[in-house]
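Heads up: the structure comes next, in structure tokens.
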Amino acid sequence: MQYNRAYRRLMTSVAAAAVATLASTSLAHAKITRIKIDCAQSQSPTFCPGQSPTFEGKSFGTVGQYEKIRGTAFGELNPLDPHNAVITDIALAPRNAKGNVEYSTDIFILKPVDLAKGNHRMFVDYNNRGAMRLGTINGGIVTNDPTTAADAGQGFILNLGYSVVSMGWDPGANDPRNPKLMKISVPVAKYPAGSATADVTGAAYEYIVFDRAGTTSSDLTYPAASLEKSKATLTVRDRLDDKPTAIDAAGWEYASPTSIRLLPAGTAFKKSAIYEFAYTAKDPVVAGIGLAATRDVISFFRNAKTDNPLAGDIQHTYSFSISQPSRTLNDFVALGFNQDEDGKRVIDGILSHTAGGNGDQINYRFAYPGRTERNRQNHLFPEGMFPFAHQTTTDHLTGKTAGRDDRCTATNTCPKRFEVNTSNEYWVKAGSLLTTDSQGRDLKEPKDVRYYLMSGLSHGVGNAAERGSCQQFTNPTSPYPAHRALLVALDKWVTAGTPPPASRIPTAANSAKAVTRPGSQTGTVPQQDLGWPSIPGVTYTGTITTRYVLDFGPDFATSGVVSNYPPSVVGRPSYPIFVPKVDRDGNEIAGVRLPAVAAPIATTTGWAVRAAEFGGPDGCESDGQHIPFAATLADRQRTGDPRLSLEERYKTHDGYVKAVAAAAQRLEKEGFLLPADVKAYIDEAQASNVLRGAVTAKK
């Protein structure tokens with residue numbers, strides 16, 4: 001395994017210190033020390049006598065009833081154990097009498113009342129900013145407190161017999177308005193006694209945009225080290241490529257150490273304008289402990305023999321994540337946390353949605369795990385850093401050689417992975433870097449990874465009747481039916497070695513390459529190269545995120561300390577970025593084409609343009625577009641729409657239903673849909689108003 005020289009020096013010194021320490025201490029492994037069940041928040045006849053099962057006693061298939069357990073896990077970490085020493089600033093975290101660093105985290109369990117009737121597998125709901133996503137794949141209500149029978153919805157996960165586990169891992173998931181969020185408590189880094197100061201300070205940066213008018217203050221992630229305004233800068237611009245204008249010190253003030261506001265008092269931030277605030281902060285949390293907590297909580301529920309509600313039951317573990325936690329799992333594996341302190345694999349299979357090749361900014365000083373890059377936002381944070389791919393590659397721009405799977409490969413603890421991404425990740429998160437090298441060449445697929453593009457999908461599920469801040473209606477196409485089929489395939493791959501569906505992604509040859517705009521945080525994809533049709537009333541800008549090699553300061557690579565915030569893109573080298581080409585409708589050709597794309601009633605995209613009143617034509621971040629086809633030939637001729645009408649495509653309503661059925665059944669044969677979801681697609685098409693009563697198209 002090859003690393004850059006600075007990284008090797010760091011790890012050599014850490015390992016030497018750890019060996020010396022472990023030789024003199026009796027506590028080789030810290031792990032989870034205890035758990036506390038909160039019966040006031042649980043529904044568990046097994047662990048809270050007198051309580052009833054959750055979901056109002058509903059039974060699921062042959063598994064029976066489920067119980068819900070909420071509580072707290074308390075953990076300790078030996079900061080000099082090599083498994084933990086990679087955590088930025090753990091050496092500055094307070095220690096207990098045993099020399100360990102303490103933390104506590106919320107825990108959540110859904111388990112069969114009778115574990116013997118379950119499937120002996122753990123489904124890790126790796127939550128997004130503390131919010132669980134079980135409801136999406138389960139076909140139920142998205143909630144952190146599933147309680148009623150309605151909350152269970154289709155009960156997909158429960159009918160299969162999984163035990164569901166979630167834990168706090170994100171120190172930023174602390175919204176007091178939502179007490180059910182999965183939270184974690186981690187220490188603040190402080191210099192040791194005898195130092196000139198206890199406060200750890202450093203460069204901090206806030207990217208501030210309010211799409212709602214009337215906002216008069218903005219919270220800071222970390223408290224300011226000084227309230228002297230001369231030590232901070234605030235700028236504003238209307239659009240991303242505008243030159244920022246500095247706001248004079250008389251135009252803003254600290255409302256508190258953790259908040260700023262404009263002056264005179266009561267002045268609102270301009271709606272959708274881009275403000276950037278650079279300042280010196282203090283009291284960084286040791287955020288990377290969230291990675292160790294993830295490792296230790298999963299390992300505890302999988303392996304602990306006592307004080308464990310799942311003791312002796314779990315044979316395999318799978319994680320499910322959407323967006324932020326998927327990026328966190330990239331870091332989790334890359335930093336070696338899929339090996340527990342006993343050397344065992346932690347997660348056997350990862351079903352990751354919308355991670356791209358990015359990390360989550362969790363293992364840096366003054367970490368911002370809640371921030372994320374898109375084509376108008378947060379480009380100047382350390383989210384997209386080499387290595388991007390699982391494979392070991394050499395970055396021709398920096399000379400570094402590394403891969404995200406280097407550590408787990410060396411310890412034989414790599415999980416099997418499904419990397420599921422939408423079109424949006426290719427447009428706004430440089431998603432092509434996951435499967436190409438730094439020169440834009442396709443990489444050979446690793447044996448334990450499969451890649452799937454969900455063609456024409458946006459990052460989240462939009463609404464075809466709403467625009468939000470975008471110019472067009474947002475894209476409502478859902479990936480969740482495919483997630484269900486892929487979880488079944490992942491389980492078979494892990495447990496029986498059954499080959500999963502083949503990867504389905506664009507290659508460099510059938511993609512359009514982005515063009516870098518010097519000095520800009522975004523590039524463009526030429527319309528002709530993409531194959532995008534000129535649709536009346538639809539703006540095409542081709543705006544795409546550009547991935548630069550950014551300079552975060554001299555200590556960033558070796559210690560995770562950022563000293564140059566925000567870094568400049570001017571004169572910096574950039575990587576080649578690709579997006580999948582489209583057909584004559586504007587729908588993507590490569591990837592998994594769900595029925596909404598294979599039998600379309602609209603052009604669906606993973607990119608969108610902001611409406612003028614929201615800073616357009618800048619990119620509309622995570623949203624995509626739903627651009628309906630004309631109903632008839634006459635309708636499209638009247639508007640000059642080059643795309644065929646519904647009438648020309650399907651002739652009748654029955655013709656449309658047959659097209660949807662054919663697309664869904666084909667996906668079932670390929671392993672991307674289950675029979676129940678095939679039926680749901682057909683039923684939905686049958687119930688739709690598409691070409692209801694339409695006259696048969698003329699031949």
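Summary of values
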{"read-out": "Relative contact order for the chain, counting Cα pairs under 8 Å that sit 6 or more residues apart, in percent", "value": "11"}
{"read-out": "Shape of the range 407-514, Cα gyration tensor, a/c cut at 1.5", "value": "oblate"}
{"read-out": "Cβ-defined net charge surrounding residue 526, 15 Å radius [Lys, Arg +1; Asp, Glu -1]", "value": "+2"}
{"read-out": "Listed pairs 111/492; 444/492; 190/231; 58/658 exceeding 26 Å between Cα atoms", "value": "58/658"}
{"read-out": "Built amide H within the under 5 Å cut-off of residue 252, gap 5+", "value": "263"}
{"read-out": "Anchor residue 271: lysines whose Cα lies under 19 Å away (excluding residues fewer than 8 positions away in-chain)", "value": "243"}
{"read-out": "The range 43-138 - charge dipole about Cα centre, Lys and Arg +1 at Cβ, Asp and Glu -1, debye rounded to 20", "value": "260"}
{"read-out": "Distance (nanometres) between label positions extended 7 Å along Cα→Cβ at residue 612 and residue 488", "value": "5.0"}
{"read-out": "Per-pair calculated FRET efficiency, R0 = 25 Å: residue 253 and residue 213 via Cβ, rounded to 0.05", "value": "0.75"}
{"read-out": "Dipole magnitude (debye, nearest 20) for the range 70-188, charges at Cβ of Lys, Arg, Asp, Glu", "value": "180"}
{"read-out": "Top positive-direction residue, dipole computed over the chain with Cβ charges, set 672, 210, 347", "value": "672"}
{"read-out": "Whole-Hz ³J(HN,Hα) from phi, Karplus 6.51 cos²θ - 1.76 cosθ + 1.60, for the range 243-260, glycine and proline x", "value": "6, x, 10, 6, 8, 4, 4, 6, x, 7, 7, 6, 6, 6, x, 10, 7, 10"}
{"read-out": "Listed residue (51, 486, 598) projecting farthest to the positive dipole end of the chain, Cβ model", "value": "598"}
{"read-out": "Whole-Hz ³J(HN,Hα) from phi, Karplus 6.51 cos²θ - 1.76 cosθ + 1.60, for the range 540-552, glycine and proline x", "value": "10, 10, x, 5, 9, 4, 10, 9, 9, 7, 9, 9, 9"}
{"read-out": "Gyration tensor over alpha-carbon atoms, the chain, equivalent ellipsoid semi-axes in Å", "value": "40, 34, 24"}
{"read-out": "Simple Cβ-charge dipole of the chain, Lys/Arg +1 and Asp/Glu -1, about Cα centre, in debye nearest 20", "value": "860"}
{"read-out": "Computed [θ] at 222 nm, deg cm²/dmol, the chain (DSSP H ≥ 4; -39,500 (n - 2.57); rounded to nearest 500)", "value": "-6000 deg cm²/dmol"}
{"read-out": "Rounded accessible area per residue of the chain, 1.4 Å, Å²", "value": "38"}
{"read-out": "Length released on extending from residue 558 to residue 150, taking residue separation times 0.36 nm less the Cα-Cα span", "value": "141.9 nm"}
{"read-out": "Residue pairs, from the table 305/429; 229/270; 400/429, whose Cα atoms sit over 32 Å apart", "value": "305/429"}
{"read-out": "Computed E for residue 568/residue 670 - FRET, C-beta separation, R0 45 angstrom, nearest 0.05", "value": "0.45"}
{"read-out": "Highest to lowest packing among 562-575, 70-83, 353-366, scored as the average C-beta count within 10 Å", "value": "353-366, 70-83, 562-575"}
{"read-out": "Net charge over other residues, Cβ less than 13 angstrom from the Cβ of residue 214 (K, R count +1; D, E count -1)", "value": "+3"}
{"read-out": "FRET efficiency, residue 199 to residue 443 (Cβ-Cβ, R0 56 Å, nearest 0.05)", "value": "0.80"}
{"read-out": "Listed residues 143, 258 arranged by accessible area, highest first, probe 1.4 Å", "value": "258, 143"}
{"read-out": "Mean-position separation - Cα centroids, the range 349-399 and the range 524-543, in angstrom", "value": "28"}
{"read-out": "Tensor-based shape of the range 160-208 (alpha-carbon gyration tensor, a/c under 1.5 rounded, otherwise prolate or oblate)", "value": "prolate"}
{"read-out": "Heavy atoms of residue 551: accessible area, 1.4 Å probe, square angstrom to 10", "value": "70"}
{"read-out": "Residue 457 long-range amide H proximity, modeled H, under 5 Å", "value": "423, 424"}
{"read-out": "Note, ³J(HN,Hα) from phi for the range 219-235, Karplus 6.51, -1.76, 1.60, rounded to Hz, x at Gly and Pro", "value": "6, 9, 5, 10, x, 5, 6, 8, 9, 6, 5, 5, 9, 9, 9, 10, 10"}
{"read-out": "Sites matching trypsin sites (Lys or Arg not before Pro) across the range 574-606 that sit in DSSP coil, with at most 13 neighbouring C-beta atoms within 10 Å", "value": "584"}
{"read-out": "Cβ-defined net charge surrounding residue 620, 10 Å radius [Lys, Arg +1; Asp, Glu -1]", "value": "+1"}
{"read-out": "Long-range amide H partners of residue 33 with built H, under 5 Å", "value": "74, 75, 76"}
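The values are calculated or read from the model by the stated rules, or taken from the named source; none is laboratory data. All of these numbers come straight from a predicted model, not from anything done at the bench. Cβ: placed from backbone, ideal geometry, glycine included. Neighbour counts: every protein chain shown. Surface accessibility is based on the protein's heavy atoms, side chains included, excluding ligands, DNA and RNA. Shrake-Rupley method; radii C 1.70, N 1.55, O 1.52, S 1.80 Å.
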